[in-house]
Structures are given as structure tokens and as C-alpha cells.
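The next block holds one structure in the form of C-alpha cells; read it before the comments.
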Amino acid sequence: MISGAGLSRQGHDSGLSSRMHPHLRLTVNGRPRQLEVAPDSTLLSVLRDQLHLTGAKPGCERGECGACTVLVTGLDGGFDPIYSCLALAHAHDGDSITTIEGLASGSAAHPVQTAFIEQDAVQCGFCTPGQVLAAVALLSRDRDPSDDDIIHAMSGNLCRCGTYPKIVRAIHSAAEAMRGSNGD
């Protein structure tokens, strides 16, 4: 007997064939999705390769740079930033995921995106999607963060161009804009 996917050398089903493409249910950027995904697929690979959402970047692929940051909606309705390169896709079955592509509301940029542009907190742009999403997560939990709060929250997102002071200014600017739009 020829050995193949899911068959042992003795010809018995090892269970691999039935596990090769289990269904995964996600809501991505507000859109419910059901996908067939290998059990070892990362959330990053599913987003980029199957859903063609390329804002999350494969940087270090070790959870050290933050270029792959996406948001998972927490039980409290706030956003939790995660490194999608480390997250197995099936660990997020049923979750609501927001990527940079889903952050804007129609044609209107999110206040954090606007602030990053206005404060010139973008240089090469590679880290920007992860930086913006980490900032959105921070502001979903703290509407008026201090410099120290911002530095701590952003410490998992590296910027090789060194725009950190502008990123801090952009987050303060976005926080102010978001407080103003809520009547604070």
C-alpha cells in the first residue's frame, strides 16, 4: 500500500486526514467567515494567505516585533492586541478579529490612523499597522493615557525607523480627538 496523507505505513487511517482541514469560524472585520484550516496554521497565515488581508506583517515570526499585531474583541468588549504569528488560528475559533483593513469606518479613517498621519508617526510604514492597532487597544481601555502608559502599552511593537516620540504624540492626539468626539 502507498503511504499518503492520513495513512500509516500499514494502511490504517492515522486520523490525520480527518484533521487536515477542520472548519474555523471567525468574524474578521465584522464579516463572519468559515474556513478550512490546517490544525497548525497561525492566525497570521490564515489572514494573509486565505483572506488576503496583508496589513499584518510577518516580521520576526517569534512575537518580538509586533508587526503582526491584530485585535481580538475581549469579553468586556474592549480590544486585546495579539501577535498573530504566534496564535494558532484554531485557538481563536468563534472570535472576532480586527485587522488594520477593518479599522476605518467606511471612508473615514479611525482617529488613531488620522493622528499617525497628522503627527508624521509613519516612516517606512512596515510597523505602522501593528503600531496603530496596539494604540487602538490601549485607547479602548484607557481614554487618557500618560506617556508611561503609552510606552508600556507600545513596548511590544518595534519601529526600526525610531519614530517613537511621534508615535507617543500621535496617541495623545488620538486620545484627545476621541474624548472630544464623545463629549468629554
Inset, instruction - Look through region 48-62, keep the residues that are part of a helix (DSSP H, G or I) and more than 13 Å from the chain's Cα centre (by Cα), and return whichever of them is surrounded by the most Cβ atoms within 10 Å (Cβ to Cβ). - result: GLN50
Inset, instruction - Kindly establish whether ILE117 is within 21 Å of CYS159 (Cβ to Cβ), free of Cβ contacts under 8 Å to residues at least 60 places away in the same chain and in contact with a strand residue (DSSP E or B) (Cβ under 6 Å, 6 or more places away or on another chain). - result: no
Legend entry - Residue, farthest from ALA38 (Cα to Cα), within region 63-120, restricted to residues that are crowded, with 16+ Cβ neighbours inside 10 Å and of a type in the set (Ser, Thr, Tyr): THR114
Inset, instruction - Note down all Cβ pairs under 7 Å where the first residue falls in region 30-49 and is assigned by TED's automatic domain parsing to the domain that holds THR73 and over 11 Å from THR99 (Cβ atoms), the second is surrounded by 11 or more Cβ atoms within 10 Å (Cβ to Cβ) and of a type in the set (D, E, K, R), and they're at least six residues apart or on different chains. - result: GLN34/ARG25; PRO39/ARG19
Legend entry - Hits in region 110-149 - residues which are aliphatic (A, V, I, L, M) and over 17 Å from the mean Cα position of the chain (by Cα): ALA115, ILE117, ALA121, VAL122
Legend entry - The one condition in (1) touching a helix residue (DSSP H, G or I) at 6+ places or on another chain (Cβ under 7 Å); (2) more than 20 Å from LEU24 (Cβ to Cβ) that THR99 fails to fulfil: (2)
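Which one of CYS159, CYS124 is more than 20 Å from PRO81 (Cα to Cα) and part of a loop (DSSP other than H, G, I, E, B)? Let's see the steps before the verdict.
Values: CYS159 fails: more than 20 Å from PRO81 (Cα to Cα).
Going through CYS159, CYS124 in turn, just one is more than 20 Å from PRO81 (Cα to Cα) and part of a loop (DSSP other than H, G, I, E, B): CYS124.
Can you find a residue that is over 15 Å from the mean Cα position of the chain (by Cα) and not assigned by TED's automatic domain parsing to the domain that holds LEU138 anywhere in region 76-85? Step through it out loud before you land on a result.
Applying the first criterion (over 15 Å from the mean Cα position of the chain (by Cα)) to region 76-85 yields 76-77.
Now narrow it down to the ones that are not assigned by TED's automatic domain parsing to the domain that holds LEU138: 76-77.
Within region 76-85, one or more residues are over 15 Å from the mean Cα position of the chain (by Cα) and not assigned by TED's automatic domain parsing to the domain that holds LEU138.
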Legend entry - Hits in region 127-156 - residues which are of a type in the set (S, T, N, Q) and either modelled with pLDDT under 95 or in a helix (DSSP H, G or I) (or both): THR128, GLN131, SER140
Legend entry - Boolean, LEU133 is in contact (Cβ under 8 Å) with a residue 60 or more places away in the chain, in contact with a Pro (Cβ under 7 Å, 6 or more places away or on another chain), closer than 19 Å to VAL70 by Cα and outside the structural domain of VAL28 (by TED's automatic domain parsing): yes
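The values are calculated or read from the model by the stated rules, or taken from the named source; none is laboratory data. Not measured: the values here are computed from a predicted model. Counting neighbours? That spans all protein chains shown, and the Cβs are built from the backbone with ideal geometry, glycine included.
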